[in-house]
Amino acid sequence: MDELITTIGIGTFSRVFLTRHRTDDNEEYHALKIMAIHDIIKLNQVTHVNDERTILENVQHPFIV
C-alpha cells in the first residue's frame, strides 16, 4: 500500500498527492491523482476526463506510468 505524503496539486475536479511505495529493498515515489467523479458528471466533463486518460495511456515517457 502506498503512503500519502502530501498534496502536490489541486485542480477543479481532482487533487494530486505525492505517495511513497516501500518494499523490503526499495522505495519509490509517485504522483497519485484522485478525481471527484460526482462533480465531473454533474458538470458534464466526462468526455474531457476520458480524453485525458486516453492521451496519458498513449504517451510513452519514463515519468508516466
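Somewhere in the range 31-49, is a residue under 14 Å from the mean Cα position of the chain (by Cα) and part of a helix (DSSP H, G or I)? Yes, the range 31-49 contains a residue that is under 14 Å from the mean Cα position of the chain (by Cα) and part of a helix (DSSP H, G or I). Of all residue pairs spaced 6 or more apart or on separate chains, those with beta-carbon atoms under 8 Å, a first member in the range 12-35 that is within 30 Å of His48 (Cα to Cα) and a second member that is surrounded by fewer than 10 Cβ atoms within 10 Å (Cβ to Cβ) and of a type outside the set (D, E, K, R) are Val16/Ile10; Phe17/Thr6; Leu18/Thr6; His30/Val65. If you go through the range 4-21 and keep only what is in a strand (DSSP E or B) and either touching a Ser or Thr at 6+ places or on another chain (Cβ under 8 Å) or under 13 Å from Ile37 (Cα atoms) (or both), you end up with Leu4, Ile5, Ser14, Arg15, Val16, Phe17, Leu18. For the range 8-28, a residue qualifies if it is among the hydroxyl-bearing types (Ser, Thr, Tyr) and surrounded by 11 or more Cβ atoms within 10 Å (Cβ to Cβ), and the qualifying residues are Ser14, Thr19.
Values in this text are rule-based calculations from the coordinates and carry no lab data. Since we're looking at a predicted model, the values are computed, not measured. Heads up, the Cβs are rebuilt from the backbone with ideal geometry, glycines too, and the neighbour counts pull from every protein chain shown.
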